[in-house]
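Before any comments, here is the structure.
Bear in mind these aren't lab numbers, they're just calculated from the coordinates by the rules spelled out. Everything quoted here is computed from the prediction, not taken from an experiment. Positions of Cβ are generated from backbone atoms using ideal geometry, with glycine treated the same way; all protein chains shown enter the neighbour counts.
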Amino acid sequence: MPTVTLTRSAETAPLTPYSAGSRLLVLGANIQQDGVLRAPLGEIVLGSATPVRVFDGLVSTVNTPFPVTQQLSVGPGSITSVSANGLLIPYGTTTDQTEYFFAPTSGSDLRTLAESGLDLRASLTLAGNAISVDAGAEVDLSGGGDAYGYEFISGVGGSRDVLNSVNTDVFSSNNYDPDTGIGFQFPDGRQVYAVVPSCAMRQWRCRTPFFRTPTPVLPAPVTIPYASSQVGRRVYLEASPGLAAGWYTLLPAQYALLPGGFRVVEQSSTGIAGQSRQLQGGATLVAGRYGLGNSEESQIRVFNVQSQEVFRQSSNIALTSFSSAVESANVRAGRAVPQLPRDAARLTINPVNTLQIDAAFLAQAAQGGRGSQVDITGTSIFISDTGTGGGDAVVALSSRALTNLNAGSLLIGGTRSQNSDGSTSLDISADQITLQNSASAPLVAGEVLLAVDGAGSAIVLADGAVISTDLRVSVADTSPYIIDGAADGLTGKGALVRVANGPERTVQRLNVEDTASPASLTAGLATLSGTSVALLSTGTSSLDPLLDISAENLSIGAGTIELIASADQAPTPGRLSLTPELLQSFARAESLTLNSLNAITIFSGAYSFGTLTLDTPSLALAGTGDVALNVADLSLQNSASSVASPTAAVDGATLSVTTRDLALNDGAFSFAGFEAVNVAATDGVFYQGKGSLGAGSAALAITTPILVDRAVDIAIGEAARPIDYTISTAGALSITGRAGAAAALPDGTPGRR
């Protein structure tokens, strides 16, 4: 089958160009990348895992689809980069230094970046049946640098833009056309250019850097000799202050604002070789000649050369940071800040069968930036030390290779997208994931996510499996993950494992299908180490009591969870039974969240927790007897908005809850199966969001010094969340204003701080 081969034309790699937002797609049955591919703050796609007719708008419809890429190889010495490498790149224009614009292709529809969605989000996609990145290959996802918008401000700083051959000022322009509102800066229509000494040998995108359209020919009479642009040609210039004699590339005039840039305009007179004369005001007239390729003219010309210090005396030119503009616009609109140039790039890998990564990816964020997000798709995924095994029809991955990605956040089993409210939607492709690595090849990232969806989907963490976090990468995001069963191909039922060096993030499941078969999560004698760990399933969960979990925040989930107080209480098949032995393995966690779509059932007895969140529609009595729940800080919520099954009250059964701080969060939560529910909160009961607390027919008694809504911080531009909370019971309700001190918690209590 044919192969697309990319090679280098020279041993010395070209430097990163001053270009932003470009998109490159390479398709073929086999792809060998041995060359240098750069798309700063843009998008590179190598290969495809499916036949392609239209690929995300990059390729127009064709009669014969491009084939699936069988082998994608990134060879030693190659460079594949979407990083700006610290450059400040010209991109777009501003109005009043506030509205940031980028002209679309049509030229008739000028929209702000916020309106058009033309954010600079660097991304790389690798796809194919077999993908390999060899040792010595450079894959650069690192953050850093920025783009900037250009604005000429007419006024006391000057009435014309000296970096534009066109002059729209009716008083200072030449040959002004009142119908178009356009005139010339010079009577003969000559062009204005830039040269940048440090970039003379770079490869340039020879077009005006602020618009998608090529540098236009001036709307001048054909008798004007300078109407056409010479951008991209070479020019030899004699020495002038700050500019050594030599060959340079003529660039669009606005590039003169780059570090070390000069403004260059050809004069109408002829010159003498070696000629150089400084003018009043700082400009220098120098001799020079044009060249193209390896040829050069014999005619000597005269050029006016101006440094930035000189030409900015004649025009007030303001530059606006792209990152600052985008961040401010989104904050004002109450939206989450999207990926910025300081953030490491997004990486999506779609291996049909195998993935081998022998090179360490460059994925460091710049100061204040977010680490790279890496998404790996597949249906049935098997992860081992070496990337072998798992049987037929599986994607075999190596934990060593995955660690080499140096991901800030690694999602295995799907892709993600950020929503305007800051939440992250997961589009899950996998239905089976097995992790069978060892301590000699741990799976490491700032955040590791394993996700499956669908009927019978399963995650297995085998004995000896190890997931740990990269302490160099902190994942500070606290917004929720969203799994929507109404999305194409999803059911909402599944399982998820998260290990992160960062705070806890909730997983909200929406529109969960009732007919889907249960998912499962099995964790053997595995080791999970991070600031936050989540083991969540909408079906069954099986956790070995000797499971080694080291985390400050621990979240455990299953279709139904039951709390067992003693050995004589038999576990119920199909439920996650939290026995005293299993709860003891959670003792290192400072906070514990129990998440159940159906209900959390609780046997009679006494239970002690530190910081505990019950995320479920119901806490229901299992069997008979009384329950005493002693919790330092307790939160009740139902993030999935699932509905509890009715449970009849047991005669004489009492639930006694003693806590310091009781938080009533979003969703309908109920106590079920009790004849009486007594809640004592020594510091207060605080409600927030929209939800309810019900007690069925039980007598509900709340003793607290205060019952009030929780104060929340609202960012500038963010809409206030309405608070609508209901406390109800069909029995007697009493709220009294004094509570006794909470009982002391013994050592080894889960969630104890």
Next on the checklist: Run the numbers for Leu15 and Asn419: contour at 0.36 nm per residue of separation, minus the present Cα-Cα distance, in nm.
Outcome noted: 142.0 nm
Checklist outcome for this item: Note to self, the chain gives a 222 nm [θ] from helices alone (DSSP H runs n ≥ 4, -39500 (n - 2.57) apiece, / all residues, nearest 500) of -1000 deg cm²/dmol
Checklist outcome for this item: For the Ser641, Asp179 Cβ pair and Förster radius 56 Å, calculated FRET efficiency rounded to 0.05 is 0.40
Checklist outcome for this item: The ³J(HN,Hα) series, computed from each phi in the stretch 390-400 with the Karplus coefficients 6.51, -1.76 and 1.60 at θ = phi - 60°, rounded to the nearest Hz and given as x for glycine or proline, is x, x, 7, 6, 10, 8, 8, 10, 9, 5, 5
Item to check | Label-reachable residues, the stretch 492-528, where backbone N falls under 20 Å from a point 7 Å from Ala486's Cα toward its Cβ | outcome: 492-494, 507-516
Item to check | Tensor-based shape of the chain (alpha-carbon gyration tensor, a/c under 1.5 rounded, otherwise prolate or oblate) | outcome: prolate
Item to check | Fewest-first ranking of Glu296, Glu675, Glu447, Glu238, using other Cβ atoms within 10 Å as the exposure measure | outcome: Glu296, Glu675, Glu238, Glu447
Checklist outcome for this item: The exposure ranking of Val708, Val657, fewest beta-carbon neighbours within 10 Å first, is Val708, Val657
Next on the checklist: As a test of the definition: which semi-axes, in Å, follow for the stretch 264-410 when you take the square root of five times each eigenvalue of its alpha carbon gyration tensor? Largest first, please.
Outcome noted: 56, 25, 12
Checklist entry - Relative to the first principal axis of the alpha-carbon coordinates of the chain, what is the inclination of helix 322-332, with its axis defined by its Cα atoms, in degrees from 0 to 90 and to the nearest 10? => result 40
Next on the checklist: Cut-off is 10 Å between beta-carbons; in what order do Arg416, Arg263, Arg472, Arg38 appear when sorted fewest neighbours first?
Outcome noted: Arg472, Arg416, Arg38, Arg263
Checklist entry - Dipole of the chain (Lys/Arg Cβ +1, Asp/Glu Cβ -1, origin at the Cα centre): which of Ser307, Gly731, Ser635 lies farthest to the positive side? => result Ser307
